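Laboratory data are not the source of any read-out in this text; all were calculated from the coordinates shown. Computed from a prediction, not measured in an experiment: that's the story for all the values here. Backbone-built Cβ (ideal geometry, glycine too); neighbour counts: all protein chains shown.
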4 protein chains.
Amino acid sequence: MSSERRELERVNAFSDGVFAIAITLLVLNIGIPSVPEDELGSALSGLGDDVLAYVIGFAVIGLFWFGHHRLFSRLVRSNGRLVLANMLLLGLVGLMPFTTGLLGRYDGPIVVALYAANVGIATLADGLIHVVARADGLEGERGGRERHFLALTGLRAAVFFLSIPIAYLASPAIAQWLWLLLIGIVFLRHWG
Amino acid sequence: MSSERRELERVNAFSDGVFAIAITLLVLNIGIPSVPEDELGSALSGLGDDVLAYVIGFAVIGLFWFGHHRLFSRLVRSNGRLVLANMLLLGLVGLMPFTTGLLGRYDGPIVVALYAANVGIATLADGLIHVVARADGLEGERGGRERHFLALTGLRAAVFFLSIPIAYLASPAIAQWLWLLLIGIVFLRHWG
Amino acid sequence: MSSERRELERVNAFSDGVFAIAITLLVLNIGIPSVPEDELGSALSGLGDDVLAYVIGFAVIGLFWFGHHRLFSRLVRSNGRLVLANMLLLGLVGLMPFTTGLLGRYDGPIVVALYAANVGIATLADGLIHVVARADGLEGERGGRERHFLALTGLRAAVFFLSIPIAYLASPAIAQWLWLLLIGIVFLRHWG
Amino acid sequence: MSSERRELERVNAFSDGVFAIAITLLVLNIGIPSVPEDELGSALSGLGDDVLAYVIGFAVIGLFWFGHHRLFSRLVRSNGRLVLANMLLLGLVGLMPFTTGLLGRYDGPIVVALYAANVGIATLADGLIHVVARADGLEGERGGRERHFLALTGLRAAVFFLSIPIAYLASPAIAQWLWLLLIGIVFLRHWG
């Protein structure tokens, strides 16, 4: 393993760690109720929003990890700029346990807007990593395989940013269904 | 290391991270008591259920990790479908700190049912990964070594699903003893 | 990298994850005070015991990781028995954020006894891994390098178990000084 | 991969884990408010200090990781002394979720002093690792590439230690702007 490859592997290992921890911290948002035993059933059924937020949050961080994994598997070396753009992405993914937690606890448009902004900006950071990798020639020979990457990244960011006015003008629930639709399409595309 | 192998290694690294974090978060369910010093002894002896839940939860996540480790050690490459099935498994394992925590805090059949459902469905996700790996030809030459894998997976899922009616019709404690028995058998099989 | 080596690497990766998470969760035991700004100074100075427990807990988990790292660097393959003995060790290390937290919050002999028992039994689990590795021929050619390993492990376990009666008969503080002395000796031996 | 290289890789893996977990735990300091839905907007706008502390804390741990990554990429083997110096650094980085949390919750000079001391001493530990690596001949042929490393480390430590009297004599806010300035310069140097 060359020294350049090794540097890249450590960026991967650190990123995998942050993705794995952020995704696993999501469960802490589903608080264990403190109620008498006979009220437990109704307390648990009140956790529906928390569980839905867990599903959305897990799928979103999972997809960011998957995108990261595919993008980095095409790279052959790292540089300072890539590490910084990656750090920006990780800082935004690291915030998601907070914004996902808000989404589970509250119903208003503000929490939808915050989560959508978090995901949308993180998607732009994803695009920045891609631009840096291309501009600085960090990709190997397989660089051309995903030509539509930037277009798809832009589309994903657009859907999340668009869901902010939808949450305020129409309803927060519609915005969340839009996300689930997008997640479903991405899953189907990878499955099929 | 080939590029296909490297992609698989990152799936392993991410999965190991989620398993390791979920298993280590279990300890947060054993709350440090906030009592005067002279009541500490009795407060600690009231933590017996939390500690039992820790033991069950640790053994169960540990066995899922071990199964994952054996299954993935036979694979030679990854694909989108495998990553998605794996993500489903990780999402269910990531929930276990919550369902294990409920098990330690409450005694009724409902928490036994939730934990059993969590483990049972995660076992089915394990089976799905196996089916995807076989159907998409992701296994190397050693693929035939564990022919009984699916049968054993089905049996394990069945025991957990069966413990749900047992918890309601007989008693939650019997259901938990059944799990401990199953865990003990699996441990003995790997030890002997 | 052979398939046997790869299986061993995943045991290492999972173990490193659990050690790293357990050691980093220790900081959560140092609670951020919720007091008015002008009482912060005295609230912070009341955290002395928490910080001492952090130092002890970090050094102890760090030394377990270091011992694990040295023991596993001599292995050339893994088996079911090794994984189970390792899981026992990880389960005991995973408990340490709880027992370390008790140590910081309370002063009596009971928390010293619990922490000492946790560390002592984990040390025995370390010894069990060593015995399994030797009995099942999992070590490579460098196996003879640390002949005194078991004797040292036994001595370390003995010191921790011995500190339990010391905490009850003499004082909890003396027991903790004994640990710090042991940690200091081990550090000096590795440094010098 | 040689056995010496493998030992070094495990030190890297463990360190990456601690850095990744510490950086991801920072988000837990941004507490999800528990207020009625219509007071959520003002509750969220009160989290500005927590978010600023998150940004500072993330950038600082990120830079420590980056420095660690560059320093260790030059090493060809590990020894006991290096592991201990590294453990000292990790113990100080592991404290940062606590000191960063204080920084977000309170405004006075004492929390600025504690955070600055934490970062300053951790920077010295970084320098110690460098000294150990050079003194014990752990670096490979690329050892001379960063001749100014120690000088830069000393400068970084000096800025943080200097911010302590600034927080007391001038204002805590000025000290924090000084950090942000330093972080910005380091980022620009790596980006440009």
Assign one of three labels to the stretch B:48-146, namely rounded, prolate or oblate, based on the Cα gyration tensor with a ≥ b ≥ c the square roots of its eigenvalues; rounded applies when a/c is under 1.5, prolate when it is not and a/b is larger than b/c, and oblate otherwise.
prolate
In nm, one decimal, shortest first: how far is the label point of C:ALA158 (7 Å from Cα along Cα to beta carbon) from the matching points in the other copies?
5.2, 5.2, 7.4
So what's the angle, to the nearest 10 degrees on a 0 to 90 scale, between helix D:149-169 and the longest Cα principal axis of chain D?
20 degrees
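Count the net charge of all other residues whose Cβ sits under 12 Å from the Cβ of D:ASP136, scoring Lys and Arg as +1 and Asp and Glu as -1. Intermediate values should be presented prior to the final figure.
On the way: positive: D:ARG77, D:ARG81, D:ARG134; negative: D:GLU139.
Neighbour charge sum, excluding D:ASP136 itself: +2.
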Quotient of Cα radius of gyration and Kirkwood radius for the stretch D:119-192, i.e. Rg/Rh, equals 1.08
Rounded, prolate or oblate: which one fits the stretch C:53-98, using the alpha carbon gyration tensor with axes a ≥ b ≥ c (rounded when a/c is under 1.5, else prolate when a/b beats b/c, else oblate)?
oblate
Output the relative contact order of the stretch B:1-127, whole-number percent, from Cα pairs under 8 angstrom with separation of 6+ residues.
35 percent
Among A:LEU89, A:ALA53, A:VAL111, whose Cα sits farthest toward the positive end of the charge dipole of chain A (+1 at Cβ of Lys/Arg, -1 at Cβ of Asp/Glu, about the Cα centre)?
A:LEU89
Can you list, shortest first and in nm, the gaps between the label point of C:TRP191 and those of its counterparts in the other copies, using a point 7 Å from Cα in the C-beta direction?
4.1, 4.1, 5.8
Could you pull out every residue, at least 5 positions away or on a different chain, whose amide H is within less than 5 Å of the one on C:GLU139? Hs are placed 1.01 Å off N in the peptide plane, and Pro or chain starts have none.
C:VAL76
Give, rounded to the nearest 20 debye, the magnitude of the charge dipole that the stretch A:40-138 has about its Cα centre when Lys and Arg contribute +1 at Cβ and Asp and Glu contribute -1 at Cβ.
500 debye
Mean per-residue count of partner chain Cβ within 10 Å for A:88-99 equals 5
Yeah, the protein assembly as shown with a ≥ b ≥ c from its alpha-carbon gyration tensor (a/c under 1.5 is rounded, else prolate when a/b outruns b/c, oblate otherwise) is rounded
Taking the Cα-to-Cβ direction at A:LEU162 and at C:LEU52 and moving 7 Å from each Cα, how far apart do the two end points lie in nm?
6.2 nm
Distances in nm from C:LEU52 to the matching label points in the other copies, shortest first (labels 7 Å along Cα to Cβ)
3.6, 3.6, 5.1
How big is the charge dipole of the stretch D:1-85 about its Cα centre, in debye rounded to the nearest 20, if each Lys and Arg gets +1 on its Cβ and each Asp and Glu gets -1 on its Cβ?
980 debye
Just from its helices, what would the mean residue ellipticity at 222 nm be for chain B, if runs of 4 or more DSSP H residues each count -39500 (n - 2.57) and the sum is divided by every residue, rounded to the nearest 500 deg cm²/dmol?
-27000 deg cm²/dmol
To the nearest 10 degrees, how steeply does helix A:80-105 sit against the main Cα axis of chain A, on a 0 to 90 scale?
10 degrees
Taking R0 as 35 Å and r as the Cβ-Cβ distance between C:LEU188 and B:LEU181, the FRET efficiency 1/(1 + (r/R0)^6), rounded to the nearest 0.05, comes to 0.15
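With +1 assigned to the C-beta of every Lys and Arg and -1 to the C-beta of every Asp and Glu, and no other charges, what is the dipole magnitude of the protein assembly as shown about the Cα centre in debye, to the nearest 20?
3400 debye
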Measure nothing but the geometry: give the 0 to 90° angle between the long axis through the Cα atoms of B:3-25 and the longest principal axis through the Cα atoms of chain B, rounded to 10°.
10 degrees
Projected onto their principal axes, the Cα atoms of chain D stretch, largest extent first, over whole-Å spans of 62, 36, 32
